[in-house]
Amino acid sequence: MPEQDKFEDDLLYALTRTGEGFRPEQADQAGMVAGGYQRGRRRWRSRSTAAVVGGAAALALVGTGAVYLTGSSSPSGTTTVAAASTGAASGSTGTSAALTPASTGTPTPKEVSGDEVLAAFQALLPKGQVTDGKGTGTEPPSGKPGGSVNAGATLLFDDGQGKAAMGISLTRLAPNDPNRAQNVCPDKKLVPYDACSSTSVPGGGSLTVLQGYEYPDKRATTKSWNARLIGQDGRQVELSEWNSPAEKGAPDSRPTPPLSPEQLRAIVTDKSWDPVIAAIPEPEPVPVRDTGREYSAQEILQTVAGLLPSGLTETEPGGDGFGYANFVLNDGKGKSMVQLNVQDWSGDRGNSLFGDARTLPDGTKVVVSKGSDKPGVDMWTVDTLHPDGLRVVISSFNSGTQTSPATRRTPVLTDDQMQTIAAAPVWKLRK
């Protein structure tokens, strides 16, 4: 997996939740934060290409009824797929059994091969040509029996309008996995998109369909559309597609990805995935952070509201969970986005970041930086470490979002005003 992709995929927790290792002077800060916001939508990429198959298997899956491909495979590895008989190809909602519990206390069913996962994916696609298919089955990672398992498939699909990259990922989330509650439309101040819907599904669970872009700052016109289902039984089925033969680095081949939002929904909720989910071992509980000492997004917003300069009021508040919040200020000269990270750094983690910091009379360390993510867009940051170990970082943009053009000459908050907010004694590390 490319290092840059891995870096972006981990940034949601690392920057907007803990902020550990965040250096305000780094280049492309806004793009990295926004890109990190999508880490949950990108995790399948490193795992769904492990197995390479030389063409589609004719028999896909058994267990809830056999699924057969309705096309033929040529010696070149090109598969012509006829429109499947399921609702996925027609764009209807189809029959969703995605919430049937995968674990019933019985032994784990037989493993599903990568060939079978790929074939099932192809069988759900509308009429078109498939090339470069690769599948990953439910076999545990080498040397890690009972470890995390992610099945999936990637391919190129062409319905006659141009080749498009596609990938599907299937896994199971532990009952205490916080990702179960994070299947919502992203904050548009961080991640731009054309359309997004987040709905509950029958029987419990959630389904989000996002029509967005590969790059949050739209440095390229490549579109990335995505459907993510999280079932009550913990299944996570995620399908992504692009209007390009590659997610990065290839010119657009068509105006939009081939599958409509309705088709994306139908595929991720199809019954064909039940045997795959059932074959994935029960995941181990994930380590959960102790948030008892942390500030919630709402608490951060309430605290900052009382520290703002006279005449400024928070609008468009954002942030969920703990340790991060954002909002927009407007003094009549244009919108300015402001974001804060509030973290427990009492474990002596500040030596590298605050070695050259200025120290205030009360012992609070302060680092100020000014950077530019793109021409004309500024990000000013004040990073503070309080004597009790609480770190408060505030950044202000001369734009209403992290990815849009500048709306004003400079951010609405000055360095001194940001320092007043971040270094205020009202911020206390909770014991």
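The values are calculated or read from the model by the stated rules, or taken from the named source; none is laboratory data. Just so it is clear, the model here is predicted, and its values are computed rather than measured. We place every Cβ from the backbone using ideal geometry, glycine too, and count neighbours over all the protein chains shown. Calculation scope for accessible area: heavy atoms of the full protein, side chains included, ligands and nucleic acids excluded. Shrake-Rupley method; radii C 1.70, N 1.55, O 1.52, S 1.80 Å.
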### Query
So which residues in region 276-319 are more than 30 Å from Met337 (Cα to Cα) and open to solvent by less than 20 Å² (accessible area, probe 1.4 Å), if there are any at all?
Val276, Ile277, Ala279, Ile280
### In region 320-353, the residues that are polar (S, T, N, Q) and either surrounded by 15 or more Cβ atoms within 10 Å (Cβ to Cβ) or in contact (Cβ under 8 Å) with a residue 60 or more places away in the chain (or both)
Asn326, Asn330, Ser336, Gln339, Asn341, Gln343, Ser346
### Query
Within region 192-235, restricting attention to residues that are among the polar types (S, T, N, Q) and over 22 Å from Arg172 (Cα atoms), which residue is modelled with the lowest pLDDT?
Thr221
### Query
Tell me, which residue of region 180-230 that is among the acidic types (Asp, Glu) and closer than 28 Å to Ser253 by Cα is least open to solvent (accessible area, probe 1.4 Å)?
Glu214
### Message
Can you report the number of residues in region 236-271 which are modelled with pLDDT under 95 and either under 30 Å from Asp177 (Cα atoms) or surrounded by 23 or more Cβ atoms within 10 Å (Cβ to Cβ) (or both)?
### Response
3
### Query
For region 388-398, does any single residue satisfy the condition of being in contact with a Phe, Trp or Tyr (Cβ under 6 Å, 6 or more places away or on another chain), of a type in the set (A, V, I, L, M), on the phi < 0 side of the Ramachandran plot and modelled with pLDDT under 95?
yes
### Query
List the pairs whose first member sits in region 218-232 and is without any contact (Cβ under 8 Å) to a residue 40 or more places away in the chain, whose second member is in a strand (DSSP E or B) and charged (D, E, K, R), and whose Cβ atoms are under 6 Å apart, counting only residues at least 6 apart or on separate chains?
Trp225/Glu241
### Message
Regarding region 290-308, can at least one residue be identified that is in contact with a Phe, Trp or Tyr (Cβ under 7 Å, 6 or more places away or on another chain), within 30 Å of Gly137 (Cβ to Cβ) and part of a helix (DSSP H, G or I)?
### Response
no
### Task
Taking Lys110 as the residue in question, decide whether it is at pLDDT below 55 and surrounded by fewer than 24 Cβ atoms within 10 Å (Cβ to Cβ).
no
### Query
Can you pull out the residues in region 256-279 that are of a type in the set (S, T, N, Q) and outside any helix (DSSP H, G or I)?
Thr256, Ser260, Thr269
### Message
Give all pairs with beta carbons closer than 7 Å in which a residue from region 289-301 that is within 7 Å of Phe322 (Cα to Cα) and in contact (Cβ under 8 Å) with a residue 40 or more places away in the chain meets a residue that is open to solvent by less than 20 Å² (accessible area, probe 1.4 Å) and not in a strand (DSSP E or B); count only pairs at least 6 apart in sequence or on separate chains.
### Response
Glu294/Gly323; Tyr295/Gly323
### Summary
Taking region 354-411 and keeping residues more than 25 Å from Gly334 (Cβ to Cβ), open to solvent by 50 Å² or more (accessible area, probe 1.4 Å) and assigned to a strand (DSSP E or B) leaves Arg358, Thr359, Lys365
